[in-house]
Structures are given as structure tokens and as C-alpha cells.
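Here is the structure we will look at, set down as C-alpha cells.
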Amino acid sequence: MDNGNQRRFESVYSKKVRAGKRRTYFFDVRRTKGEDYYLTLTESTRKFNGDGYERHKIFLYKEDFNRFLEGLQETIDYIKADLMPEYDYDEYTRRHEEYEAELENSERHDNDYDDSDDNHAEENDKHKLESEEDMEW
């Protein structure tokens, strides 16, 4: 991408939300050439065969923020209250926190490994590659 296009779509804020082992959501605020802002919502899903990612994007513009948020909240509330009121929605929050803690422990452990252990080094490289791929576009 040349500098003109890079400036045109400058990212000013980014939030990454992991949703399990295969899916990640990205919320990116971008600046236009005319000093305006918009939001891109991206779902990135690791392909089952491990060969890359599928990405789906939604571009959300400031004039639609309130209606989009209202529609999203109304739809989620309907599912929670009318369709599945007995479901424990906090279960996924707890599972995600456990998953993040495992990742953190794994990364901390990977940083402390013994260089003489070739098998562990290969496993560490594979884990780092998977983690980095999850963050790449």
C-alpha cells in the first residue's frame, strides 16, 4: 500500500476480542483523508484445515452508530430474555478468562524454556506462530 492510501485509512484505535480458539473480533477506528472517522468490525476465523483465516468486515459510519447499537442491543436482549432466558451467558466469560489465563501461563512458560531442548523449542515456535497469526490481518 502506498503512503497515500496508508494515510487515507489510518488506524487510530484498535480493540481485539478473542472468542475461543478459532475466532477473533477486531474493532478498528479509522481516519479518512477528510479527517472523519469510521469503525470497521472484523471477524477473523481460523480455517479448520489450519491454512489461513477467513475474514468478514462490516464498515460502520458515525451516522449509523446509534441505530446500529440500539438494534444490536435490542436483538441481544430478545435472545437473552425471550428465546434463552435460562442460559448462563456468563459461562463464556468464565471460560474465556480461563483460556486467557492458560495462554498467559503458556507464554510465560515458553519464555523460560531451556534452549538445549530442541523439541520444546519447536513447540514454542509453533505456539508463537499460531498466536502471531491470530493477530495478523
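Values in this text are rule-based calculations from the coordinates and carry no lab data. Computed from a predicted model, the values in this text were never measured in an experiment.
A simple rule links phi to the HN-Hα coupling: the Karplus curve 6.51 cos²θ - 1.76 cosθ + 1.60 with θ = phi - 60°, which for the stretch 50-63 gives x, 9, x, 9, 9, 10, 10, 10, 10, 9, 10, 9, 3, 5 Hz, with x for Gly and Pro. Near ALA19, the amide H atoms lying under 5 Å from its own belong to THR24, TYR25; only residues 5 or more places off or on other chains count, and H is placed 1.01 Å from N.
Put simply, the amide H of TYR37, placed in the peptide plane, has neighbours under 5 Å in THR32, leaving out anything fewer than 5 places away on its chain.
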